[in-house]
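The values are calculated or read from the model by the stated rules, or taken from the named source; none is laboratory data. What you see is a predicted model; the values in this text were computed from it and never measured. Neighbour counts run over all protein chains shown; Cβ positions are idealised from the backbone, glycine included. SASA here: full protein model, heavy atoms, side chains in, ligands and nucleic acids out. Shrake-Rupley method; radii C 1.70, N 1.55, O 1.52, S 1.80 Å.
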Amino acid sequence: MTEAVPDDTRWFYLCTEDDLAVPNAFVTTRVGAVPLVAQNLKGRVVAFRNVCTHRFAIIHDAASGCGPLRCPYHGWTFDAEGVPVGLPFNPTDFQLDAEGRRRLALNPASLARCGRLVFVRVATEGPALKEQLGNDLFTRLADLSETFSRSGEPMEPGEDWEGFETANLRVALRAGHALHLEALPPPGAGDRFARTATFLPVHADTERPA
Ligand code: FES
């Protein structure tokens with residue numbers, strides 16, 4: 001069966017801000033044929049196509065992790081603008097000056113937040129995340145992400161939990177107790193990019209959901 005090519009301007013949920021909170025933390029996904037990475041580079045969270053501009057190797061193969069934005073092939077390291085700044089053997093092997101390195105900057109992707117939730121898309125231009133989710137749902141999801149900001153042990157939503165879906169997210173809520181997020185992999189991404197997480201209210205609540 002042929003998989004539909006996803007719209008490049010469509011936003012997909014990637015992770016929470018906590019997943020990208022420390023320098024060099026990264027999370028990857030794939031949208032159709034395009035691998036994407038969001039990474040914290042010296043405190044700045046940016047998104048690129050996860051493809052080296054030198055010989056097109058995948059930069060981060062893992063679904064998430066912590067490490068420099070460095071191509072495993074020839075070891076080029078990229079900065080927050082996507083420009084290769086560390087090029088082993090540059091004087092002998094590549095001879096790239098500043099302008100040459102700028103021309104080989106990584107292709108940018110888009111990153112947007114809804115509260116503490118991070119979304120990415122392939123295209124650099126297109127409708128805002130709020131436009132895709134709709135104003136009401138965007139506001140609700142942002143509020144929920146702020147209210148339920150503590151990571152909890154994974155739990156299965158009960159049948160009596162409220163549920164709704166948006167983008168690639170299935171959201172399940174037990175009001176006042178727990179928020180469960182199930183992120184389906186974008187089209188073409190494969191199951192290793194599926195993510196589930198349970199969050200608890202900001203304030204300690206000793207009662208565990210039934
Ligand atoms: S392919 Fe990435 S540095 Fe050469």
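Some values worked out for this structure:
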{"read-out": "Per-region count, region 144-158, residues aliphatic (A, V, I, L, M) and either open to solvent by 70 Å² or more (accessible area, probe 1.4 Å) or part of a loop (DSSP other than H, G, I, E, B) (or both)", "value": "1"}
{"read-out": "Counted residues, region 187-199 - those being aliphatic (A, V, I, L, M) and open to solvent by less than 40 Å² (accessible area, probe 1.4 Å)", "value": "2"}
{"read-out": "Within region 41-117, strands (runs of 3 or more DSSP E) holding 2 or more residues that are within 13 Å of the ligand (Cβ to nearest atom), surrounded by fewer than 17 Cβ atoms within 10 Å (Cβ to Cβ) and free of Cβ contacts under 8 Å to residues at least 40 places away in the same chain", "value": "84-86"}
{"read-out": "Residue that is nearest to the ligand (Cβ to nearest atom), among those in region 14-28 that are open to solvent by less than 10 Å² (accessible area, probe 1.4 Å) and part of a strand (DSSP E or B)", "value": "THR28"}
{"read-out": "Flag if GLU207 is modelled with pLDDT under 95, open to solvent by 90 Å² or more (accessible area, probe 1.4 Å) and either on the phi > 0 side of the Ramachandran plot or out of contact with any strand residue (DSSP E or B) (no Cβ under 9 Å at 6 or more places or on another chain) (or both)", "value": "yes"}
